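Encoded as structure tokens, the structure appears first; notes follow it.
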Amino acid sequence: CTFSYVQLEKIRLVSGSGRCDGRVEISINDQWGTVCDDLWDINDGDVVCRQMGCGRAVSAPQSSRFGPGSGSIYLDDVVCSGSERSLTKCSHRGLGVNNCDHSKDAGVFRCTSPNPLYISISLVNGSGRCDGRVEISINDQWGTVCDDLWDINDGDVVCRQMGCGRAVSAPQSSRFGPGSGTIYLDDVGCSGSERSLTKCSHRGLGVNNCAHSKDAGVVCSGKVPFLIRLVSGSGLCDGRVEISINDQWGTVCDDLWDINDGDVVCRQMGCGRAVSASQSSRFGPGSGSIYLDDVVCSGIERSLTKCSHRGLGVNNCAHSKDAGVVCSGKVPFFVINTPYNVLEDQHTFFFCFFYRCPPETYAHLDVVKHYSLSWGFSSV
């Protein structure tokens, strides 16, 4: 039907969390009805929010996001520039003219209110303020972030916002438990340099195809204590590599594990340089989490977690592949009274098996060849 006499238009937002978000409804002659979502966009939402005294629109959801309404569908094919004083001043098909149904009722999500949008961030259900489920608050209403496309760059932005350094890992699948309330962000794509998470690319505030079983989390470097040890070797400076995160010990996978990785471990341990970087659980299989996989160090990093890896706890490994290392600081060596050729051909094998000896080692061995059999420990 059409309306030949129109009383002063009224507008409201229904079935949202407050007066500034919900399904758009307008009243014509004291009869409330809805708006079809055909061509509905953020400019249309801006006009609604301004009419409501609620600032600007954050997003303009379609498909009855706030549930289907009832009664007349007053507007269809609404096209606003964003500057109109009321929704009925925008282009549309005519009051009451539509080819729509209530499954397509338009809405407005989280108008910013008369004041600027207030957004804060928190990490929940971790061991402290620097790890946990990512939650953001919009105008004092807390919600979560979906893990679709969630990665370490997104985590970096969160950690910087929190004053917690860099992201160590960006866990998915509700690693820190499912949250509740609104899922504010989905398909987040940060470069890592953004000043806040909402400045990153995303589908729009409150627009998602997600569930709380996919709430995103982050572990930041600023508050997570990392300890390292070598286990099941002959002493402090050789054995299976294990690291502790928040007092939980775990192992390192041997994929891509090499002498440079071992050097970093040995330096952390105060055990000199790596003599060998063993694979395939040379020191026996460990237990618990496998914290690191595909570790690639240049050898100059100050700790193993500073090396490139797949992400904390992310692996396709088993404890049968736990990595190990033999450091120079505690490795026994011997020199033996034997002719030079034998020393070079045989003893050098034993000595340099542990020490990665350079060619000049042979000259050193020639000097010490006159000594009788003796044992000691390297301090190299």
Surface/4 estimate of mean projected area, convex hull on alpha-carbon atoms of segment 222-315, nm²:
5.5 nm²
Using unit Cβ charges (K, R positive; D, E negative) and no other charged atoms, how large, in debye to the nearest 20, is the dipole of segment 133-228 about its Cα centre?
280 debye
Given a Förster distance of 30 Å, the FRET efficiency implied by the Cβ-Cβ spacing of SER81 and ASP140, rounded to the nearest 0.05, works out to 0.40
For segment 163-239 and segment 21-54, what is the centre-to-centre distance using only Cα atoms, to the nearest Å?
37 Å
Residue span SER191 to HIS212: 0.36 nm per residue of separation minus Cα-Cα distance leaves a gain in nm of 5.1 nm
Provide, as a two-decimal number, the C-alpha radius of gyration of segment 8-139 over 2.2 N^0.38 Å, N being how many residues it has.
1.17
Any idea how far apart ASN29 and LEU227 come out in nm if each label point goes 7 Å out from Cα toward Cβ?
7.8 nm
Take ILE245, ILE42 and sort them by solvent-accessible surface of the protein heavy atoms, 1.4 Å probe, largest at the top.
ILE42, ILE245
Please give the charge dipole size of segment 198-331, origin at the Cα centre, charges +1 on K and R Cβ atoms and -1 on D and E Cβ atoms. Round to the nearest 20 debye.
360 debye
Given the peptides 150-159, 296-305, arrange them by the average over their residues of other C-beta atoms within 10 Å, most packed first.
150-159, 296-305
Go ahead and run the numbers for FRET between ALA318 and SER201, Cβ-Cβ distance against an R0 of 45 Å, rounding to 0.05.
0.80
Ignoring ligands and nucleic acids, PHE66 exposes an accessible area, probe 1.4 Å, in Å² to the nearest 10, of 30 Å²
Residue-span extension gain [SER15 to LEU39] - 0.36 nm each, minus C-alpha spacing
6.5 nm
Could you give me the radius of gyration and the Dmax of segment 19-90, taking only the C-alpha atoms into account and expressing both in angstrom?
11.2, 30
Could you give the length gained by full extension between LYS89 and HIS102, i.e. 0.36 nm per residue of separation minus their alpha carbon distance, to one decimal place?
2.5 nm
SER120 to SER280: FRET efficiency via 1/(1 + (r/R0)^6), r the Cβ-Cβ distance, R0 45 Å, to the nearest 0.05?
0.40
Can you pull the Kirkwood radius for segment 155-272, inverse mean 1/r over Cα pairs, to one decimal in Å?
16.9 Å
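The values are calculated or read from the model by the stated rules, or taken from the named source; none is laboratory data. Quantities reported herein were computed from a predicted structural model and do not represent experimental measurements. Every residue, glycine among them, receives a Cβ derived from its backbone with ideal geometry; neighbour counts consider all protein chains shown. For accessibility, only protein heavy atoms count, side chains too; no ligands or nucleic acids. Shrake-Rupley method; radii C 1.70, N 1.55, O 1.52, S 1.80 Å.
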